[in-house]
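The values are calculated or read from the model by the stated rules, or taken from the named source; none is laboratory data. A quick note: this is a predicted structure, and the numbers were derived from the prediction, not measured. So basically every Cβ, Gly included, is an ideal-geometry build from the backbone, and we count neighbours across all protein chains shown. For the accessible areas, the whole protein counts, side chains as well, though only heavy atoms, and no ligand, DNA or RNA atoms are used. Shrake-Rupley method; radii C 1.70, N 1.55, O 1.52, S 1.80 Å.
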Amino acid sequence: MKKLVLFILTLFCINVASSANAMEIEGLLDQALSLQKSGDKAGLEKTLNLSAVALEKETKESKGDFKDKLTSSLGGLKSMIPLASKGLVKQNALQKLVSTIKLLLGANRISGMLGGGSLVGKAAGLKSNLGLMQMGMSALGGGGGDQMGSLIKGALGGVGNLEKGGLAAKAAEPALKKQLGSILDMVKKGV
């Protein structure tokens, strides 16, 4: 019995640490944008370094379908680090990279959730990652962001039904999986 409790506590701690790392990446990326805008070269360099380390860790631990695209974005992030201390990181380039990373992070995490079986009980994670994808939609360019926004809005409605639990959640799950699959396909084609 003690081993079972210890095992459950270990899984809980790993999940909490993973969530903290996830929030850390997004916060660091937002901080990098602020530092670039304010002209803080040293702060930007440090924040880009921390962002790269956190993104690399998540990418290595990833089970989602967007691991290769995240690794490519990680390369872009790392290439900006030496430019930061010289004040050569362009705002538009950094903004586009941050948007792309957010879009891919959300997509990758949702992909992992879809690969993990039932979505019941995962509403909070789905909402969070769909929100992250909304923040990164500008990376799609053209009209892709509008179409993605519409798909995400529909999926969020499905997540709302999932939150109700019971029969409503079980009834909503197949349609929600299909909606999420369409969103992920769009990201695969657009980024």
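Key figures for this structure:
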read-out	value
Candidate set from region 99-122 (those that are open to solvent by less than 10 Å² (accessible area, probe 1.4 Å) and hydrophobic (A, V, I, L, M, F, W, C)); member that is nearest to Gly75 (Cα to Cα)	Ile101
Hits in region 83-98 - residues which are in a helix (DSSP H, G or I) and open to solvent by 70 Å² or more (accessible area, probe 1.4 Å)	Gln91, Asn92, Gln95, Lys96
Tally of residues being among the small types (Gly, Ala, Ser) and farther than 22 Å from Glu45 by Cα across region 57-112	6
Residue match in region 144-159 (condition: on the phi > 0 side of the Ramachandran plot and open to solvent by less than 50 Å² (accessible area, probe 1.4 Å))	no
From Gly112, Gly117, Gly125, residue being out of contact with any strand residue (DSSP E or B) (no Cβ under 7 Å at 6 or more places or on another chain), under 30 Å from Ala169 (Cα atoms) and touching a residue at least 24 places away in the same chain (Cβ under 8 Å)	Gly112
Spans of helices (runs of 4 or more DSSP H) in region 111-191 with at least 2 residues within 24 Å of Glu61 (Cα to Cα)	123-136, 166-190
Residues being among the β-branched types (Val, Ile, Thr) and over 22 Å from Leu151 (Cβ atoms) - total across region 78-129	2
